[in-house]
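Okay, so here's the structure we're looking at.
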Amino acid sequence: MRRNWKIILGSRIDKSATAPLYMQLIQAVIRDIQSGRLPPGTYLPSTRELATMLGINRKTVVLAYDDLVAQGWLATTSTRGTMVSSSMPDGEAAMEQRHPAEMRMMTHSYAVPPPPGRSLALPSGTGLKIDEGTPDGRLFPPELLARAYRAATHRLSRTNDMQYRDPRGSSGLRRAIAAMLAAERGLPVTDENICITRGSQNGIFLAALALTRPGDGVVFEQLTYEPAVAAFERLGARVHSVGVDQHGMIVDDIPAICEQHDVRAVFTTPHHQFPTTVALRPDRRVRLVELARKYGFAIIEDDYDHEFHFQSQPLLPIAAYAPSEVVYVGSLSKLLLPSLRLGYVAAPPPVVEAIAHLVSMTDGMGNSITEETALAIIENGELRRHARKAKQIYARRRTAFAQLLADTFGTAAAFSIPDGGLAFWVRFQADMDRMEKRAAARGLRLAPSRSFMTHADAPRGLRLGFASLREEEAQSAIAELALAWGE
């Protein structure tokens with residue numbers, strides 16, 4: 001039976017499409033083999049004949065046929081030409097065995113565990129955004145970064161260091177971070193205590209993976225950093241919560257939990273508590289260390305924005321005086337650029353080794369060029385200069401933002417000007433669900449108040465970042481929030 005190949009295959013060739021013609025032809029043939037329209041043993045026209053029928057170049061058909069033969073869809077004989085391979089299953093049965101990605105949107109027929117009960121955080125939308133306390137990436141000079149990248153690339157090339165490397169990260173950057181932590185934050189560490197991570201969130205996840213097993217208990221404040229909670233829950237940990245007040249975590253709530261559950265870790269942000277921005281009082285820090293020693297749990301100290309403190313000298317990290325009890329997570333991203341994704345974990349060597357093993361399984365070797373670039377920026381003093389300049393700008397924005405909130409909401413918004421950090425914690429006299437829904441309808445993007453809560457009775461508020469907003473941007477964003485509140 002003579003087939004009308006122009007109708008069978010030509011209807012699937014679109015010369016105006018961006019996909020190459022030979023790839024369109026490959027997909028058309030595979031699709032018809034899978035559907036049963038081209039059974040095993042069916043002979044196809046010669047390359048010259050099909051090219052004439054479809055009005056395309058013969059080389060395009062040759063390329064498609066050769067590819068289909070190499071993949072096993074077609075076979076050639078020396079006398080009769082090209083045919084559908086006799087090893088192909090008949091009709092729809094082929095669909096069960098072959099799933100070329102080119103054929104259709106990818107689907108799956110295997111079991112996938114359900115994702116955690118949280119929305120995927122995507123930087124989508126075109127409206128105004130009030131973040132949770134992100135630095136302004138526009139402040140870092142791009143030419144400085146480009147220069148440092150070029151220098152790092154040339155240096156690594158000359159020394160043949162663009163190979164697989166220590167999963168703990170660049171030795172030079174680890175030494176620089178250890179020196180910074182020792183000199184500026186009082187941590188008794190060397191490079192052996194440091195592992196470089198892809199940002200602080202990656203450090204939290206690696207620490208969770210190293211320290212906990214399914215069923216282990218982990219204590220959080222009732223208001224906390226939700227991605228950290230999600231990381232532990234994804235690994236099967238049981239989350240318990242304690243209160244938080246104007247002096248930080250209510251540490252005396254912890255013993256009752258430890259008496260009833262096997263608690264392996266306590267996660268805390270003592271420097272600028274997330275999201276409320278308060279500092280954990282010194283006596284509570286000492287008590288937390290005592291409890292860690294008594295019950296044998298690790299303190300995971302997330303010091304995500306230590307550099308940005310605007311009032312008195314900041315308190316030393318808990319890791320400075322209890323290094324054996326603390327896994328300290330920090331970030332260079334807030335000092336440099338969030339998109340660089342540079343964080344670190346400072347911990348006792350056995351913990352660092354365990355995390356390095358996890359890095360070797362999930363990330364291989366990190367990003368040598370980015371790490372060496374960061375090292376160059378640290379060593380030439382540019383990081384310190386940038387931090388000093390950015391801190392001055394953020395201090396002014398903090399003052400202006402506080403005035404803007406007061407002028408806009410008056411007594412309807414309760415907040416304190418934070419001593420440090422890059423965000424305000426604001427509690428509104430409003431139906432928060434309705435207010436947030438209206439804000440979203442107006443194109444204003446912000447973190448939902450419920451995302452900070454680990455307990456249904458936790459107080460609700462919004463964490464409003466000020467550092468990444470210029471004055472006119474902040475005015476526009478707060479104006480939209482005021483309209484959502486006023487409606």
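The values are calculated or read from the model by the stated rules, or taken from the named source; none is laboratory data. Note that the coordinates shown come from a computational prediction; the quantities given were computed from them, not determined experimentally. Heads up, the Cβs are rebuilt from the backbone with ideal geometry, glycines too, and the neighbour counts pull from every protein chain shown. Note: areas computed on protein heavy atoms with side chains; ligands, DNA, RNA excluded. Shrake-Rupley method; radii C 1.70, N 1.55, O 1.52, S 1.80 Å.
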query = Considering only residues of the stretch 319-334 that are touching a Leu at 6+ places or on another chain (Cβ under 6 Å) and within 16 Å of residue 383 (Cα to Cα), which is surrounded by the most Cβ atoms within 10 Å (Cβ to Cβ)?
reply = 332
key: Residue satisfying condition, being small (Gly, Ala, Ser) and closer than 17 Å to residue 457 by Cα, within set 243, 236   = 243
request  = Being loosely packed, with under 14 Cβ neighbours inside 10 Å and closer than 16 Å to residue 86 by Cβ is the filter here, so list the residues in the stretch 44-75 that pass it.
outcome  = 71, 72
key: Residue within the stretch 281-295 that is outside any helix (DSSP H, G or I) and aromatic (Phe, Trp, Tyr) present   = no
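Quick check: anything in the stretch 136-159 closer than 30 Å to residue 454 by Cα, outside the structural domain of residue 372 (by the TED database) and open to solvent by less than 50 Å² (accessible area, probe 1.4 Å)? Steps first, please.
Taking the stretch 136-159 first, the residues closer than 30 Å to residue 454 by Cα are 136.
With outside the structural domain of residue 372 (by the TED database) added as a condition, the list becomes 136.
Filter again for open to solvent by less than 50 Å² (accessible area, probe 1.4 Å), leaving 136.
Taking every residue of the stretch 136-159 in turn, at least one turns out to be closer than 30 Å to residue 454 by Cα, outside the structural domain of residue 372 (by the TED database) and open to solvent by less than 50 Å² (accessible area, probe 1.4 Å).
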task = Report yes if some residue within the stretch 247-268 is in contact with a strand residue (DSSP E or B) (Cβ under 7 Å, 6 or more places away or on another chain), among the charged types (D, E, K, R) and surrounded by fewer than 20 Cβ atoms within 10 Å (Cβ to Cβ); otherwise report no.
result = yes
task = Would you confirm whether any residue within the stretch 404-418 is modelled with pLDDT of 90 or more and assigned to a strand (DSSP E or B)?
result = yes
key: Condition met for residue 416 (in contact with a Leu (Cβ under 6 Å, 6 or more places away or on another chain), outside the structural domain of residue 219 (by the TED database) and of a type in the set (Ser, Thr, Tyr))   = no
ask   = Could we say that residue 430 is touching a Phe, Trp or Tyr at 6+ places or on another chain (Cβ under 9 Å) and part of a loop (DSSP other than H, G, I, E, B) here?
value = yes
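Kindly indicate whether residue 135 is of a type outside the set (Ser, Thr, Tyr) and modelled with pLDDT of 85 or more. Quick ask: steps written out before the conclusion?
Details: of a type outside the set (Ser, Thr, Tyr): yes; modelled with pLDDT of 85 or more: yes.
When the stated conditions are applied, residue 135 passes them.
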query = residue 353 fails exactly one of the following numbered conditions: (1) under 14 Å from residue 206 (Cβ atoms); (2) touching a residue at least 12 places away in the same chain (Cβ under 8 Å). What is the number of that condition?
reply = (2)
task = Please work out which one of (1) part of a helix (DSSP H, G or I); (2) modelled with pLDDT of 90 or more; (3) out of contact with any Asp or Glu (no Cβ under 6 Å at 6 or more places or on another chain) is the condition residue 146 fails and give its number.
result = (2)
inquiry  = Going residue by residue through the stretch 438-450, is there one that turns out to be among the hydroxyl-bearing types (Ser, Thr, Tyr) and in contact (Cβ under 8 Å) with a residue 60 or more places away in the chain?
reply    = no
key: the stretch 203-220: number of residues that are in contact with a helix residue (DSSP H, G or I) (Cβ under 9 Å, 6 or more places away or on another chain) and open to solvent by 20 Å² or more (accessible area, probe 1.4 Å)   = 4
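Within the stretch 337-377, which residues are open to solvent by 50 Å² or more (accessible area, probe 1.4 Å) and part of a helix (DSSP H, G or I)? Show your work before the answer.
Initial filter on the stretch 337-377 (open to solvent by 50 Å² or more (accessible area, probe 1.4 Å)): 339, 341, 349-350, 353, 357, 360-363, 367, 369.
Passing the criteria: 339, 349, 350, 353, 357, 360, 361, 362, 369.
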query = Does the stretch 413-434 contain at least one residue that is open to solvent by less than 50 Å² (accessible area, probe 1.4 Å) and of a type in the set (D, E, K, R)?
reply = no
ask   = Hey, does the stretch 193-200 have a residue that's under 18 Å from residue 372 (Cβ atoms) and assigned to a helix (DSSP H, G or I)?
value = yes
message = Residues that are among the acidic types (Asp, Glu) and either surrounded by 21 or more Cβ atoms within 10 Å (Cβ to Cβ) or at positive phi (or both): does the stretch 223-238 have at least one?
response = yes
key: Test: residue in the stretch 108-128 that is modelled with pLDDT of 85 or more, farther than 21 Å from residue 45 by Cβ, open to solvent by 70 Å² or more (accessible area, probe 1.4 Å) and not assigned by the TED database to the domain that holds residue 39   = no
From the options 311, 392, residue that is assigned to a helix (DSSP H, G or I), open to solvent by 60 Å² or more (accessible area, probe 1.4 Å) and within 30 Å of residue 285 (Cα to Cα) = 392
ask   = What are the residues in the stretch 449-487 that are within 23 Å of residue 309 (Cα to Cα) and either surrounded by 18 or more Cβ atoms within 10 Å (Cβ to Cβ) or not acidic (Asp, Glu) (or both), if any?
value = 452, 461, 462, 463, 464, 465, 466, 467, 468, 469, 470, 474
ask   = Could you list, in sequence order, the residues of the stretch 351-382 that are modelled with pLDDT under 85 and of a type in the set (A, V, I, L, M, F, W, C)?
value = 365, 369
